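Just so you know, all these numbers are worked out from the coordinates, no wet-lab data involved. Everything quoted here is computed from the prediction, not taken from an experiment. Here the Cβ positions follow ideal geometry from the backbone for every residue, glycine too, while neighbour counts run over all protein chains shown.
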Amino acid sequence: MLYNNLIYFLVVIFVFSTNTPVTKPVLAPLWALVAFVAMTWGFARIASRMFTRSASGPTSYFSVEKRLSILAVLLFVGFVYLLDLKYYLAPLSLGGRLPVLADIAGLGSFFLLLILMWWVARRRYQQIFQRPYTPFAFVRSNFKANLPIVLPWLTLSLVFDGLQALPFPGLSKLLRSPWGDLALYAFFLFFLILAFPPLVRSLWGCTPLPPGPVRDRLLAFCQAQGFRSEIYSWPLFEGQVLTAGIMGIVPKLRYLMVTPALLETLTEEELDSVLAHEIGHVKHLHLVLYVVLFLGFSLLAGAVARPLPHLILSSDLFYRLLPHLPFAPENVLGVLATAPLLLVMLVYFRFVFGYFIRNFERQADTYVFRALGTSWPLIRSFEKIALFSGGDRDEKNWHHFGIGERIDFLKQCEKDRSLIGRHQRSLRFSLFFYCACIGLSLLALHRIDASALSEGYETKYAEAVLLQKVRQEPENSLWLIYLGDFLQSRKMEQKAMDAYEKALQLTPMNAEVNNNLAWLLLTAQEKTIRNPERALTLARTAILLKESGYILDTLANAYWANGLVEEAVATEFRAMRLDPDNRAYYQGQLEKFREQRWKNKE
């Protein structure tokens with residue numbers, strides 16, 4: 001369950017943290033609130049119905065919880081991309097100084113869905129595990145069980161944003177440099193190694209195994225294996241789940257956790273075999289390798305993320321899609337850049353991370369041969385776990401081989417011990433191959449000149465942004481004027497003229513659009529666009545609406561283009577008197593009017 005929840009929370013954190021708040025939401029605030037309430041209420045109703053109709057057994061309960069958790073993730077994605085959740089939560093970041101506050105609120109909306117699920121799941125849970133709970137106590141218990149999954153991200157984000165908010169520009173620059181990344185990762189490792197294990201132990205309610213023969217025997221077995229760890233009772237699902245776990249890299253902060261049900265069900269020799277499995281994780285450095293695998297994903301995701309926006313901006317398909325989508329170009333760009341990263345994350349953890357987890361478990365299983373000389377006690381333990389858990393003995397999942405598969409492999413090893421070494425060599429080769437692939441991928445991705453990919457496409461993107469604004473507010477001529485100005489500055493004169501014409505139809509008495517269109521008709525490089533007669537009419541209209549130096553300059557040029565040199569000179573003098581700061585420019589214009597003739601065919 002915890003491994004599945006890890007994937008769910010990774011998706012939620014990734015989706016929200018990579019989303020960019022829109023400047024204008026798709027839905028009005030009231031309608032967005034109505035949609036949010038309707039979606040959460042619908043989720044609660046679905047959860048209530050699914051738990052009510054589920055069979056009364058642990059397997060059925062966890063199956064329903066899994067399906068509802070996936071539905072909660074999908075709803076959260078809808079909150080972010082359809083209801084623009086981050087737009088409404090952005091003010092919590094204190095003007096961008098502490099983005100983590102908005103991220104925490106976003107994560108809280110996902111927890112809200114989970115809380116609704118736990119609230120309605122309580123009655124079915126009580127029937128199955130025979131443990132009474134108040135609704136609040138049950139929600140709190142589940143919340144504490146899942147909180148460790150997000151603690152590393154939460155702690156790192158709080159530290160990073162807190163340091164960024166300090167009034168030290170040099171520190172902020174350092175944090176965004178490669179050295180800053182290295183320092184933050186070092187802090188992350190420090191937190192995982194020293195602070196994380198005791199925090200999780202406390203949140204999960206683990207307590208030291210009480211003194212007695214059982215504890216003494218388990219400690220003696222650990223000591224015989226050259227292994228040091230305090231042993232804790234793990235009340236996972238009221239302690240009724242048959243399982244054990246190991247947590248912590250540093251010996252003094254390492255905790256071997258065993259559920260009460262496991263202690264009651266297994267014989268002494270079988271308990272030794274389970275402890276041998278957990279000790280095998282430590283002996284084979286699996287806990288360290290988990291950190292390495294997380295680091296590998298971080299490096300890979302960072303390298304993939306760098307060229308992605310540039311690749312999208314250089315794609316003509318992106319610009320063909322934009323006119324048919326009701327979303328702002330920056331949002332479309334964000335989604336398209338996020339989707340491949342999300343896919344990389346899912347593939348990485350589902351298949352790469354999952355492959356290593358499964359085979360680490362198998363390698364830990366084989367440690368029982370070194371500890372006990374035989375695997376039969378562990379095989380009997382697996383058989384009991386399968387029997388009393390009520391699940392399918394041969395059921396597989398992405399992070400563990402099925403119990404039946406694990407038993408079959410141990411039986412094969414009993415007949416042929418060389419399989420143990422073969423598996424270890426295969427795993428070492430897989431780790432070497434993994435490191436080589438990550439290294440080569442990073443090298444290849446860093447050799448890509450990301451900025452060169454989208455070179456020349458900045459204009460197309462800016463045009464797409466302005467066109468989207470025009471589509472969103474078709475009655476607002478301001479966006480058409482901005483679009484025309486932008487296109488004219490990029491020498492896209494026919495498109496600029498079309499934009500100005502549409503703006504003129506909307507607001508014929510707008511000084512800016514009359515002036516800018518007149519200037520285009522006078523200065524266009526495309527000779528067929530030039531029209532001095534109409535330019536003069538437009539410029540006269542503009543100066544009647546607004547008298548300023550640059551509009552008088554346009555009018556003067558229009559007079560000059562129509563052969564009215566005296567009027568052009570007089571008008572330019574008016575512009576000079578009105579705008580003395582640009583006197584040198586106007587002097588140059590006067591010399592041009594007196595010495596040159598305007599030629600439409602030049």
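Overview of results
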item	result
Residues of region 297-339 with amide N under 19 Å of the 7 Å Cα→Cβ point at Val347	297-312, 335-339
Under 5 Å, built H, 5+ apart or other chain: amide partners of Glu230	Arg254, Leu256
Gyration tensor verdict on region 366-446 (Cα atoms; rounded if a/c is under 1.5, prolate if a/b is larger than b/c, oblate otherwise)	oblate
Surrounding net charge for Val22, when Lys and Arg each add one and Asp and Glu each subtract one, Cβ distance under 9 Å	0
Long-range amide H partners of Ala244 with built H, under 5 Å	none
Antiparallel DSSP beta bridges within the chain, as percent of all bridges there, nearest 5	60 percent
Cα pair distances exceeding 17 angstrom across region 549-602, given as percent	26 percent
Tensor-based shape of region 1-43 (alpha-carbon gyration tensor, a/c under 1.5 rounded, otherwise prolate or oblate)	oblate
Karplus (6.51, -1.76, 1.60) ³J(HN,Hα), θ = phi - 60°, over region 513-524, in Hz, Gly and Pro reported as x	5, 4, 5, 5, 5, 4, 4, 4, 5, 8, 10, 4
Residue exposure sequence - Thr571, Thr265 - by fewest surrounding Cβ within 10 Å	Thr265, Thr571
Additional length obtainable on full extension of the chain from Ile193 to Gln412, 0.36 nm per residue less Cα span	75.2 nm
Near-label residues of region 483-505 by backbone N, under 16 Å of a point 7 Å along Cα→Cβ of Gln596	none
Degrees, to the nearest 10: 354-372 long Cα axis against longest axis of the chain	20 degrees
log₁₀ of I(q)/I(0) at q = 0.12, 0.15 Å⁻¹ - region 70-221, Debye sum with one point per alpha carbon	-0.76, -1.02
Net charge contributed by nearby residues that have their C-beta within less than 12 Å of Leu467 (K/R +1, D/E -1)	+2
Alpha-carbon centroid distance for the pair region 362-431 / region 547-602, whole angstrom	90 Å
Least to most buried among Met257, Met492, Met576 (fewest other Cβ within 10 Å first)	Met492, Met576, Met257
Percent of alpha-carbon pairs separated by more than 46 Å within the chain	38 percent
Degrees, to the nearest 10: 135-165 long Cα axis against longest axis of the chain	50 degrees
Residue-wise HN-Hα coupling along region 241-257, computed from phi with Karplus coefficients 6.51, -1.76, 1.60 (Hz; x: Gly, Pro)	7, 8, 7, 9, x, 10, 8, x, 8, 6, x, 6, 10, 10, 10, 9, 10
Separation between Cα centres of region 87-116 and region 7-59, rounded to whole Å	14 Å
Computed over region 1-155: relative contact order in percent, which uses C-alpha pairs under 8 Å that are six or more apart	33 percent
Karplus-derived 3J(HN,Hα), 6.51/-1.76/1.60, for each residue of region 306-314, Hz, glycine and proline x	5, x, 4, x, 5, 4, 5, 5, 8
Gain upon complete extension [Ile70, Glu269; 0.36 nm per residue less C-alpha separation]	67.7 nm
Spin-label model distance (nm) - Val291 vs Leu387, 7 Å beyond Cα toward Cβ	4.1 nm
Between helix 29-53 and the chain: long-axis angle, C-alpha atoms, 0 to 90°, nearest 10	20 degrees
Pairwise label distance in nanometres, Phe129 with Ala28, each label 7 Å out on the Cα-Cβ vector	4.6 nm
Size of charge dipole - region 226-288 - debye, nearest 20, with Cβ of Lys, Arg +1 and Asp, Glu -1, no other charges	480 debye
Formal net charge of residues neighbouring Val139 (Cβ-Cβ distance under 14 Å; K, R +1; D, E -1)	+3
Gyration tensor verdict on region 379-422 (Cα atoms; rounded if a/c is under 1.5, prolate if a/b is larger than b/c, oblate otherwise)	oblate
Long pairs among Lys144/Lys283; Lys66/Lys283; Lys252/Lys283; Lys24/Lys86; Lys469/Lys502; Lys460/Lys527, criterion Cα-Cα beyond 21 Å	Lys144/Lys283; Lys66/Lys283; Lys460/Lys527
